[in-house]
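Undergrad: Just dropping this structure here.
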Amino acid sequence: MALNVGAQDVGNRSTAQGPSKQPEKKAATPAPDKLLFQLPQQIRTTLDAELPGDDADPAAIIQACELRIDAALTVQKAIEHYGNETLFRYAGPAVRLAHRTKSWQDKLDPATNKPFRGFNPWCRHVGISKSQSYRMVNEEPVSDALRSLNPGQLTTEQVDILAPVLRQHDAARCRRVWEVATKMGATDRKTLLKARDSLELTVAEEADDDDRQPGKAQGERVPVVRFQAGRYDRESVRTAVRSDPEFARLLARDILAELEHLEGTEQPQSS
């Protein structure tokens with residue numbers, strides 16, 4: 001099946017409306033040279049146009065080069081957009097199921113021949129990054145919040161905007177953002193942001209996706225170390241480090257850097 005990819009399709013189509021309906025046609029065998037992507041005529045013409053020769057006017061050469069590059073980048077963005085959304089749509093349910101059932105704990109990490117230390121290490125093993133798993137897992141609560149509005153298949157950008165609203169406010173406000181954006185005529189990233197701003201819903205900056213556990217709201221992370229005067233529980237630290245070694249390494253680096261800075265500022269002054 002050919003994909004209709006045009007400049008207007010790159011990150012702008014609302015999934016609330018779903019794909020445009022086309023008249024049913026009888027299945028036909030595609031021609032061997034049939035393009036996978038049906039590009040807009042202007043882009044196709046630019047890509048097929050012959051570039052000037054080396055002896056042409058420099059102004060004509062650079063103009064033709066920039067037009068060709070711009071057209072090629074447009075195609076690249078379209079392919080990347082649909083590739084990312086395809087992964088999100090089809091791998092998402094599997095990632096959410098593994099996360100919800102904790103079935104990933106039944107697998108052994110080939111690197112250690114021991115159970116995976118956490119959900120994120122398992123995701124990396126199967127080829128899903130932290131940021132991807134974060135979006136996939138958090139698509140479910142956003143979809144549940146919008147269920148009465150029939151939002152259809154959500155995109156990565158929609159989840160990125162609506163998940164913080166859901167976490168930091170509530171489901172009612174999350175639905176309200178969607179409703180206002182729909183009245184504005186679309187539910188793409190730009191319109192959802194406008195809708196959120198029109199409702200004066202402030203969203204605090206959250207940690208980068210790679211620094212957070214999928215499915216957890218901001219502030220739910222259990223601290224690796226809690227400093228309390230006169231108390232130190234080595235076993236608790238060991239347990240916390242094993243549960244999230246990457247965060248522990250980050251914390252250890254920060255502690256060492258802070259100690260070095262502190263020691264440098266407390267050097268005794270020569271008399």
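The values are calculated or read from the model by the stated rules, or taken from the named source; none is laboratory data. In this text the structure is predicted, and so the values were computed from the model without any measurement. When we count neighbours, we look across all protein chains shown, and the Cβ atoms used for this are built from the backbone with ideal geometry, even at glycine.
Undergrad: Any idea which of (1) more than 30 Å from Arg189 (Cα to Cα); (2) touching a Leu at 6+ places or on another chain (Cβ under 8 Å); (3) at pLDDT below 85 is the one Lys114 doesn't satisfy?
TA: The single condition Lys114 does not satisfy is (3).
Undergrad: Give me the residue from region 141-153 that is out of contact with any Leu (no Cβ under 8 Å at 6 or more places or on another chain) and in a helix (DSSP H, G or I) and, out of that set, surrounded by the fewest Cβ atoms within 10 Å (Cβ to Cβ).
TA: Within region 141-153, the subset out of contact with any Leu (no Cβ under 8 Å at 6 or more places or on another chain) is 144, 147-153.
From what's left, in a helix (DSSP H, G or I): 144, 147-149.
Details: Asp144: 12, Arg147: 11, Ser148: 9, Leu149: 14.
Looking at residues that are out of contact with any Leu (no Cβ under 8 Å at 6 or more places or on another chain) and in a helix (DSSP H, G or I), I get Ser148.
Undergrad: Sticking with this structure for a sec: In contact (Cβ under 8 Å) with a residue 60 or more places away in the chain, over 21 Å from Leu154 (Cβ atoms) and either out of contact with any strand residue (DSSP E or B) (no Cβ under 7 Å at 6 or more places or on another chain) or not in a helix (DSSP H, G or I) (or both), is that true of Asn120? Write out each step before concluding.
TA: Working: in contact (Cβ under 8 Å) with a residue 60 or more places away in the chain: yes; over 21 Å from Leu154 (Cβ atoms): yes; either out of contact with any strand residue (DSSP E or B) (no Cβ under 7 Å at 6 or more places or on another chain) or not in a helix (DSSP H, G or I) (or both): yes.
Judged against the criteria, Asn120 is a match.
Undergrad: Right, something else. How many of the residues in region 68-98 are buried (at least 16 other Cβ atoms within 10 Å of the Cβ), farther than 17 Å from Val137 by Cβ and not hydroxyl-bearing (Ser, Thr, Tyr)?
TA: So the answer is 4.
Undergrad: Follow-up question, since we're still on this one. Name the residues in region 163-191 that are assigned to a helix (DSSP H, G or I) and under 22 Å from Gly83 (Cβ atoms), would you?
TA: Initially, region 163-191 is screened for residues assigned to a helix (DSSP H, G or I), giving 163-168, 171-184, 189-191.
Selection gives Ala163, Arg189, Lys190.
For every residue, the table says whether it meets (1) under 19 Å from the mean Cα position of the chain (by Cα); (2) of a type outside the set (Val, Ile, Thr); (3) surrounded by fewer than 19 Cβ atoms within 10 Å (Cβ to Cβ).
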site	(1), (2), (3)
Thr101	no, no, yes
Trp104	no, yes, no
Thr112	no, no, yes
Arg117	no, yes, yes
His125	yes, yes, yes
Glu139	yes, yes, no
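Undergrad: Next question, about the same structure. Contact list please: Cβ distance under 9 Å, first residue in region 246-271 and under 30 Å from Arg117 (Cβ atoms) and surrounded by 10 or more Cβ atoms within 10 Å (Cβ to Cβ), second residue at pLDDT 75 or above and of a type in the set (Gly, Ala, Ser), pairs at least six apart or on different chains.
TA: As it stands, the answer is Glu246/Gly118, since those pairs meet every condition given.
Undergrad: Here are some residues: Leu162, Leu108. Which one is touching a Pro at 6+ places or on another chain (Cβ under 8 Å), closer than 30 Å to Pro245 by Cα, at pLDDT 90 or above and not hydroxyl-bearing (Ser, Thr, Tyr)? I'd like the intermediate steps shown before the answer.
TA: Details: Leu162 fails: touching a Pro at 6+ places or on another chain (Cβ under 8 Å).
Every option except Leu108 fails the conditions.
Undergrad: A further question on this structure: Which members of region 192-202 meet the condition of being under 24 Å from Glu85 (Cα atoms) and surrounded by fewer than 17 Cβ atoms within 10 Å (Cβ to Cβ)? Can you show your working first?
TA: Of region 192-202, the ones under 24 Å from Glu85 (Cα atoms) are 192-196.
Across region 192-202, the qualifying residues are Leu193, Lys194.
Undergrad: Does Val126 count as of a type outside the set (S, T, N, Q) and within 27 Å of Val177 (Cα to Cα)?
TA: Values: of a type outside the set (S, T, N, Q): yes; within 27 Å of Val177 (Cα to Cα): no.
Taking the combined requirement at face value, the residue does not satisfy it.
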